[in-house]
Structures are given as structure tokens and as C-alpha cells.
Amino acid sequence: MAVLDAERVAAHPAEHTAAPRVRRRTLSTRGWHRVFVAPAVLAILVLGLYPLVFTVAAALSVSQLGAPFQRWVGLANLAEVLGDGDQVAALVRVVVFALVVAAVSTLIGTAVALALHRVAAGGLIRTLLLLPLILAPVVVAVLFKLILTPSGGLLDTVLRLLGHHGAPVSLLADPAWAIVAVAAADVWEWTPLVTLLVLAALLGQDRGVLEAAELDGARGWALLRSIVLPSVAGSIAAAFLIRLVLAFKVFDLVAVMTAGGPGTSTSMPSYFTYQAALQQFDLGRASAITLLLAVVVTVVTLPVAALTRRLHHAAE
């Protein structure tokens with residue numbers, strides 16, 4: 001048998017020397033693939049899986065800041081949060097808040113992007129539009145708080161110039177208007193992001209399609225409704241989705257402008273999480289609020305994400 005193998009090698013020397021080289025090259029390629037994939041896997045584990053596992057474990061246990069997982073209590077923390085009327089009201093409030101501010105930002109941002117797309121020298125305007133986006137949320141909150149200050153604020157000054165002589169207007173002290181003021185600050189801060197995303201989609205349109213439509217007589221509203229908007233509808237939906245997620249995370253504006261008040265009229269789940277974790281040191285309750293908020297965000301955003309994919313496929 002050994003004699004036969006030796007004869008086979010002698011007859012075909014190239015085949016018996018090339019195979020190990022191919023195997024070595026294959027193993028080397030696989031090794032490089034693993035090296036390049038490793039950072040992504042590590043990022044998923046550190047940034048996604050670990051916080052999720054930690055939050056779930058804390059929500060199912062008696063956990064204090066600095067002393068987590070003291071005793072497992074099952075779903076008791078979740079039941080306690082769901083039995084709190086203020087917490088349930090905050091979950092409903094943040095859904096309404098997020099949908100409204102995302103819709104308003106998308107409408108205004110899209111309108112501004114369409115206007116800028118028609119302006120030849122819009123570079124300066126685009127730079128100015130970025131200013132709210134550059135500012136830190138805390139700075140935006142302080143700015144709006146100064147504007148809405150009852151005595152000497154910009155709003156009060158303008159109203160007095162227009163003839164208002166009654167008591168100072170204090171929107172942040174009114175339970176009905178305080179949430180509107182927070183929403184206005186949020187829209188002002190994040191609408192430029194929608195404008196940039198939609199404007200980038202408009203600039204990436206196929207000029208040939210637009211010119212062909214114009215040659216066929218499409219002008220003005222007909223061109224916008226039939227050609228322009230359908231071609232960027234996926235990008236507009238994606239901007240709405242991003243804006244929606246950002247709105248669910250609102251915290252700085254609430255903390256600085258109203259501290260959740262008057263009463264709990266502007267309290268959001270993120271603010272209750274902050275209070276539970278860093279003021280009451282109840283990590284279990286804070287994690288339970290976070291988990292419930294994650295479920296609500298998932299339920300609300302999944303249909304929007306599906307619509308975004310459908311519009312993108314339709315535009316291709």
C-alpha cells in the first residue's frame with residue numbers, strides 16, 4: 001500500500017503539494033474574517049446584550065444602586081410600576097408626545113428641505129439650520145426656559161409690546177401648556193435633522209427622471225406629488241422613524257424646563273427612571289420602567305419600520 005501511495009505521489013506531484021497550500025490559505029482567510037468580525041461581535045455583546053441582560057436581571061430582583069441583585073422577586077417590580085397610575089400615565093403621555101413631535105418635525109423638516117432644494121445659494125441657510133442641532137439639549141432647555149420666563153422673558157416682553165397688560169404669562173406653570181412648551185423646544189431642536197435627511201434624499205434624486213417628467217408637462221404640485229415625493233417617501237419615513245425614537249428619549253428638556261411638573265403633567269418614563277435610580281436608588285424599579293418603555297417603543301416603532309422598508313422598496 002505504501003508503495004502504491006509513493007507511486008501515486010511520484011506520478012502527480014503537483015496535486016499532492018497544492019492541497020495543503022489551499023487548506024492553509026483557506027484557514028488563513030477564515031482567520032482574517034474572524035479578526036474583522038470580532039469588533040462587531042464585541043460591540044454587540046458590550047453595548048447591546050450586556051445592558052439588556054443586566055436590566056432584565058435588575059427588573060426581576062431587589063436591586064439598589066451599588067448593591068444589585070439582592071433578592072429575586074420575579075415580576076413584582078413590573079406589577080408595581082403597572083399599578084402606579086402616574087407611571088401608566090407617563091407611558092401614554094410619551095407615546096402621544098413622541099407621535100406628535102415626530103409628525104410636526106417631519107412635516108416642517110420636509111417643507112423646509114423642499115424649499116432649500118429650490119434655493120441655489122442655500123449654503124448659509126443650511127448652516128444656520130444646523131445651529132439647534134449643534135446645541136446640547138440642556139442648552140436648548142435653558143434657552144426655552146429663559147424665553148418663557150414670566151417676568152422679563154422674550155414671550156412676556158413680546159406680549160406686552162402687543163398690548164397685553166394682565167398678569168405675566170407663565171406657560172411652564174400651567175399643566176396644559178407646559179407639555180406644549182416642552183414639545184416646542186423638542187421640535188425646534190430636532191427638526192433640522194429631518195431637514196438634512198430629506199434634503200440629502202432630494203439631492204440624490206435621478207435628474208433624468210425629473211427632466212423627463214418636466215418634458216411631459218409635469219410642473220409644480222403635479223411634479224411634487226407624482227414624482228418628487230414618491231421618490232423620497234422612504235427617506236421621509238426613515239426620518240420620521242429616527243425622530244420618533246429620539247422623542248421617546250426626551251429627558252433633558254423635561255428635567256431642566258419643568259422637572260416633570262407642574263405635578264406630573266410633563267413627567268416622562270425616562271424622568272421617572274432617573275428619579276428611581278439616582279434619587280431613590282431603587283435600581284429594580286428603574287429597570288422595570290426601562291423595560292416597559294422598551295416594550296412600548298418596540299410596539300410603536302415596528303409598524304413605522306415596516307412602512308419605511310415598504311416605501312424604500314417601492315421607490316427602487
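Residues in region 163-207 that are outside any loop (DSSP other than H, G, I, E, B), under 19 Å from SER267 (Cβ atoms) and not small (Gly, Ala, Ser): how many? Spell out the reasoning first.
The initial filter retains those residues of region 163-207 that are outside any loop (DSSP other than H, G, I, E, B), namely 171-173, 175-203, 207.
Those still in the list that are under 19 Å from SER267 (Cβ atoms) too: 171-173, 175-186.
Next cut, not small (Gly, Ala, Ser) only: 171-172, 175, 177, 179-180, 182, 186.
Qualifying residue count for the region: 8.
Taking region 137-146 only, how many residues are under 18 Å from VAL250 (Cβ atoms) and either touching a strand residue (DSSP E or B) at 6+ places or on another chain (Cβ under 8 Å) or open to solvent by 50 Å² or more (accessible area, probe 1.4 Å) (or both)? So that I can check it myself, show each step before the final result.
Within region 137-146, the first condition is being under 18 Å from VAL250 (Cβ atoms), and the residues that meet it are 137-145.
From what's left, either touching a strand residue (DSSP E or B) at 6+ places or on another chain (Cβ under 8 Å) or open to solvent by 50 Å² or more (accessible area, probe 1.4 Å) (or both): 138-139, 142-143, 145.
Residues in region 137-146 being under 18 Å from VAL250 (Cβ atoms) and either touching a strand residue (DSSP E or B) at 6+ places or on another chain (Cβ under 8 Å) or open to solvent by 50 Å² or more (accessible area, probe 1.4 Å) (or both): 5 in total.
Can you find a residue in region 164-177 that is under 18 Å from VAL112 (Cβ atoms) and open to solvent by less than 40 Å² (accessible area, probe 1.4 Å)? Steps first, answer last, please.
Taking region 164-177 and keeping what is under 18 Å from VAL112 (Cβ atoms), we get none.
No.
For region 210-226, which positions are open to solvent by 60 Å² or more (accessible area, probe 1.4 Å) and within 32 Å of the chain's Cα centre (by Cα)?
Residues of region 210-226 that are open to solvent by 60 Å² or more (accessible area, probe 1.4 Å), as a first pass: 211, 214-216, 219, 221, 225-226.
Within region 210-226, TRP221, ARG225, SER226 meet the criteria.
Quick test for you: out of VAL88, VAL112, VAL62, pick the one residue that is in contact (Cβ under 8 Å) with a residue 60 or more places away in the chain, open to solvent by less than 60 Å² (accessible area, probe 1.4 Å) and assigned to a helix (DSSP H, G or I).
Values: VAL88 fails: in contact (Cβ under 8 Å) with a residue 60 or more places away in the chain; VAL62 fails: assigned to a helix (DSSP H, G or I).
Step by step, each of VAL88, VAL112, VAL62 is checked, and only VAL112 is in contact (Cβ under 8 Å) with a residue 60 or more places away in the chain, open to solvent by less than 60 Å² (accessible area, probe 1.4 Å) and assigned to a helix (DSSP H, G or I).
Residue-by-condition table, conditions (1) within 20 Å of the chain's Cα centre (by Cα); (2) at pLDDT below 90:
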| position | (1), (2) |
| --- | --- |
| ALA115 | no, yes |
| LEU130 | yes, yes |
| ALA141 | yes, no |
| ASP156 | no, yes |
| ARG160 | no, yes |
| GLY163 | no, yes |
| LEU172 | no, no |
| ASP186 | yes, no |
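I'm trying to understand the selection: among the residues of region 65-83, which are open to solvent by less than 80 Å² (accessible area, probe 1.4 Å), among the aliphatic types (A, V, I, L, M), in a helix (DSSP H, G or I) and in contact (Cβ under 8 Å) with a residue 24 or more places away in the chain?
LEU78, VAL81, listed by residue number.
Kindly indicate which of LEU148, LEU159 is out of contact with any helix residue (DSSP H, G or I) (no Cβ under 8 Å at 6 or more places or on another chain) and either of a type in the set (Lys, Arg) or more than 30 Å from ALA233 (Cβ to Cβ) (or both). Talk me through it step by step, then tell me what you get.
On the way: LEU148 fails: out of contact with any helix residue (DSSP H, G or I) (no Cβ under 8 Å at 6 or more places or on another chain).
Being out of contact with any helix residue (DSSP H, G or I) (no Cβ under 8 Å at 6 or more places or on another chain) and either of a type in the set (Lys, Arg) or more than 30 Å from ALA233 (Cβ to Cβ) (or both) holds for just one of LEU148, LEU159, which is LEU159.
Looking at region 274-293, which of the residues that are touching a residue at least 12 places away in the same chain (Cβ under 8 Å) and loosely packed, with under 15 Cβ neighbours inside 10 Å is nearest to LEU60 (Cα to Cα)?
Only one residue fits best here, namely PHE281.
I'd like to know if region 61-75 contains one or more residues that are modelled with pLDDT of 95 or more and touching a Leu at 6+ places or on another chain (Cβ under 7 Å).
Looking through region 61-75, none of the residues is modelled with pLDDT of 95 or more and touching a Leu at 6+ places or on another chain (Cβ under 7 Å).
The values are calculated or read from the model by the stated rules, or taken from the named source; none is laboratory data. Values in this document were obtained by computation on a predicted structure and should not be read as measured data. Methodologically, a virtual Cβ is constructed for each residue, glycine included, from the backbone with ideal geometry; neighbour enumeration extends over all protein chains shown. All accessible areas refer to the heavy atoms of the entire protein, side chains included, with ligands and DNA or RNA removed. Shrake-Rupley method; radii C 1.70, N 1.55, O 1.52, S 1.80 Å.
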